[in-house]
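The values are calculated or read from the model by the stated rules, or taken from the named source; none is laboratory data. Just so it is clear, the model here is predicted, and its values are computed rather than measured. Don't worry about glycine lacking a Cβ; one is built from the backbone with ideal geometry, like all the others, and counts go over all protein chains shown. Areas reflect the complete protein model, heavy atoms only, side chains present, ligands, DNA and RNA absent. Shrake-Rupley method; radii C 1.70, N 1.55, O 1.52, S 1.80 Å.
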Amino acid sequence: MAFERKNILDGLRPHAKRIKATSMRKMFEENPNRFDDFSVSACSILLDYSKNQIDQRAMQALFEIAEICMVEKRRDAMWAGKAINTTENRAVMHMALRYNGKEKLLVNGQEIMPKIRHQLERVKEYSTKIRNAEITSSNGKKFTDIVNIGIGGSDLGPDMVTKALEPYAHSDLKLHYVSNVDGAHIYDCLKRLNPATTLFIIASKTFSTDETITNANTAKSWLIEALGKKAVAKHFAAISTNISACNEFGIDSDNIFGFWDWVGGRYSIWSAIGLPAAIAIGFDNFKDFLAGAAQMDEHFRTSPLQKNMPVILALIGIWNRNALNYKSQAILPYDQHLSRFPAYLQQLDMESNGKSVDLSGYPVNFETGAVIFGEPGTNGQHAFYQLLHQGSDIIPADFLAAINAHENLPEHHDKLLANYLAQSEALMLGKDLKQVISELAMSGKSQTEIKKLAPHKVFTGNRPSNSLLYKKLNPKTLGSLTALYEHKIFVQGVIWDINSFDQWGVELGKQLAKSILPIVRGGEMPDKVNSSTTGLIKYLLNNKE
Ligand code: F6P
């Protein structure tokens, strides 16, 4: 119940009060072992969480919260295939999609691994044949371009993985991702493509998402215009839980890949939704990606809370959100290959934990999911880091970096790593007025100039961050990293007692768009529409060319 959770979370307040009276800079000075005390490794990933405003007592209180909220019991219920997505009465079993052990995994009393392995085998066969040109276009040509049409989890997952694992990509196949209903997206993509060598993959769990179906229809017309109706069977594949809708669209049964309602859209990259990524990087690499996630699953399932990386990451998030009341969380990969990772995590986290009623339907009276945003470093440094360092809000950040680059350009990578290290250091240390004044004096500034400039050059510091380091961004590590955040989000949902696996909040906008569409097309304006929307529609219609 919400009020019980509030009491539990309020137990963090005295710890927050104690911590606010000191600073991280001081805590580092006082404890030379702070890094050892507050870091953990798993699956070849190091998580250093020592640059957070925490001490041993605060961490102890957080681990107790995880126990009181029965994180382990709820984790086991998820694994046991219980319908923990209560509002949709569904199990949550995306971990099964990457499971490579011998246990029987059940949903509604039925074993699910045989179905999963069958679909995976089909993904292997299809992706390999596309790569080797054993499956060709309607006129026997090798496919050169693959366009994935999907949105949300049916776009962000495969797009993120394709970009992240670019060093493993097949050189002569180009992957494109079209998601937006804005015609510019598909138009700009198709204008450079040759229909005779283009394969479309329609990815949609429901196969009813308006954006995806609109884009798929446009792609179909484009193809038919060039190659005729018969070509559709060869040039389209689909991934969905709604097989009959795929059939109706005209997709050949051999090219339809299924998955199941116990896989949430934003958790679906491990299913056949990963097909475009498997085509890009090859099935063996895709399997390694699954294996990396399975390794993190095992760590999450078997490690004690105090050594459990997803649990610790989640608890640090709870601390920042509920004890220190920070509203957002930056994801800052110092790894260009992870350029879509912040956007991917944005959906994963915000669609999962952006909730304000608890599992029993009562409003929660504490903070839940934070605002997630981010960009790769060093780009972000020249854009929004100003606010991270000197803004009035404190924004906890996760810094991620690969120790070794794929490219043999040490000049670049050393600089990248230096920046990765410098930023968390700067956020934590800050620079006080005394130091600023002395630096300005050393640079020869006059007293008047110093007085004027100094306050602007102060960094309050004491701003929290996590640092994650991994050897190289290979498929396995990417799998582990992605699963790490999935489990982090799960643990936070358990502590907040919310349903992390539904997404009713996206429905109202969809409903209203449907009713507004006829008016945008020139239909009659209903009386009840408010003056703002009426005014906007009139302005829009009057200015339509
Ligand atoms: O509207 C939100 C959402 O349902 C996401 O959860 C999902 O990833 C996305 O739309 C796409 O859904 P689908 O795969 O069914 O087209």
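Can you tell me which residues in the range 308-336 are open to solvent by 40 Å² or more (accessible area, probe 1.4 Å) and under 29 Å from LEU165 (Cα atoms)?
Within the range 308-336, GLN336 is the sole residue that qualifies.
Kindly list, by first and then second residue, each pair from a residue in the range 89-102 that is within 10 Å of ILE116 (Cβ to Cβ) and in the same structural domain as SER271 (by TED's automatic domain parsing) to a residue that is modelled with pLDDT of 95 or more and of a type outside the set (Val, Ile, Thr), limited to pairs with Cβ atoms under 7 Å and residues at least 6 apart or on different chains.
If the second residue must be modelled with pLDDT of 95 or more and of a type outside the set (Val, Ile, Thr), no pairs are left.
Restricting to the range 46-72, name every residue that is in contact (Cβ under 8 Å) with a residue 60 or more places away in the chain and in contact with a strand residue (DSSP E or B) (Cβ under 9 Å, 6 or more places away or on another chain).
Within the range 46-72, LEU46, LEU47, ASP48, TYR49, LYS51, ASN52 meet the criteria.
Filter the range 410-438 for residues that are of a type in the set (Ser, Thr, Tyr) and either at pLDDT below 95 or surrounded by fewer than 18 Cβ atoms within 10 Å (Cβ to Cβ) (or both) and give the result.
SER438
Of everything in the range 247-298, what is within 16 Å of the ligand (Cβ to nearest atom), among the acidic types (Asp, Glu) and assigned to a helix (DSSP H, G or I)? Give them in sequence order.
Matches in the range 247-298: GLU248 only.
Write out, first by first residue and then by second, each pair whose Cβ atoms fall under 7 Å of each other, whose residues are 6+ apart or on separate chains, and whose first residue, in the range 487-510, is touching a residue at least 60 places away in the same chain (Cβ under 8 Å) and more than 12 Å from SER352 (Cβ to Cβ) while the second is open to solvent by 20 Å² or more (accessible area, probe 1.4 Å) and more than 16 Å from the ligand (Cβ to nearest atom).
ASP497/ARG5; ASP497/LEU359
Somewhere in the range 139-147, is a residue in a helix (DSSP H, G or I), in contact (Cβ under 8 Å) with a residue 60 or more places away in the chain and either out of contact with any strand residue (DSSP E or B) (no Cβ under 9 Å at 6 or more places or on another chain) or open to solvent by less than 10 Å² (accessible area, probe 1.4 Å) (or both)?
No: zero hits.
Could you list, in sequence order, the residues of the range 220-247 that are closer than 20 Å to SER127 by Cβ and either open to solvent by less than 40 Å² (accessible area, probe 1.4 Å) or not assigned by TED's automatic domain parsing to the domain that holds VAL123 (or both)?
Across the range 220-247, the qualifying residues are ALA233, HIS235, PHE236, ALA237, ALA238, ILE239, SER240, CYS246.
For GLY250, work out the one condition from (1) surrounded by 23 or more Cβ atoms within 10 Å (Cβ to Cβ); (2) modelled with pLDDT under 95 it doesn't fulfil.
(1)
Checking HIS235 against (1) within 11 Å of the ligand (Cβ to nearest atom); (2) in contact with a strand residue (DSSP E or B) (Cβ under 9 Å, 6 or more places away or on another chain), which test does it fail?
(1)
If only one of LYS457, LYS451 is more than 28 Å from ARG74 (Cβ to Cβ), more than 16 Å from the ligand (Cβ to nearest atom), open to solvent by 80 Å² or more (accessible area, probe 1.4 Å) and over 37 Å from the mean Cα position of the chain (by Cα), which one is it?
On inspection, the qualifying residue turns out to be LYS451.
Would you pick out the residues in the range 330-358 that are within 21 Å of TYR267 (Cα to Cα) and among the charged types (D, E, K, R)?
ARG340, ASP349, GLU351, LYS355
Within the range 194-211, which residues are open to solvent by less than 20 Å² (accessible area, probe 1.4 Å) and either of a type in the set (Val, Ile, Thr) or away from the ligand (no atom under 16 Å from the Cβ) (or both)?
Once the filter is applied, which keeps residues that are open to solvent by less than 20 Å² (accessible area, probe 1.4 Å) and either of a type in the set (Val, Ile, Thr) or away from the ligand (no atom under 16 Å from the Cβ) (or both), the range 194-211 yields ALA196, THR197, THR198, LEU199, ILE201, ILE202.
Give the number of residues within the range 122-171 that are within 16 Å of the ligand (Cβ to nearest atom) and either in contact with a His (Cβ under 8 Å, 6 or more places away or on another chain) or of a type in the set (Gly, Ala, Ser) (or both).
Going through the range 122-171 one residue at a time, the tally reaches 7.
When the residues of the range 493-513 are filtered to those that are within 13 Å of the ligand (Cβ to nearest atom) and of a type in the set (D, E, K, R), which remaining residue is surrounded by the most Cβ atoms within 10 Å (Cβ to Cβ)?
Applying the filter and picking the extreme gives ASP502.
Could you grab me the full set of residues in the range 172-181 that are surrounded by fewer than 21 Cβ atoms within 10 Å (Cβ to Cβ) and more than 16 Å from the ligand (Cβ to nearest atom)?
ASP172, LEU173, LYS174
Pull out all pairs, ordered by first then second residue, where Cβ-Cβ is under 6 Å, the residues are six or more apart or on different chains, the first lies in the range 346-369 and is farther than 13 Å from GLN492 by Cα and away from the ligand (no atom under 16 Å from the Cβ), and the second is open to solvent by 50 Å² or more (accessible area, probe 1.4 Å) and among the hydrophobic types (A, V, I, L, M, F, W, C).
PRO363/VAL357
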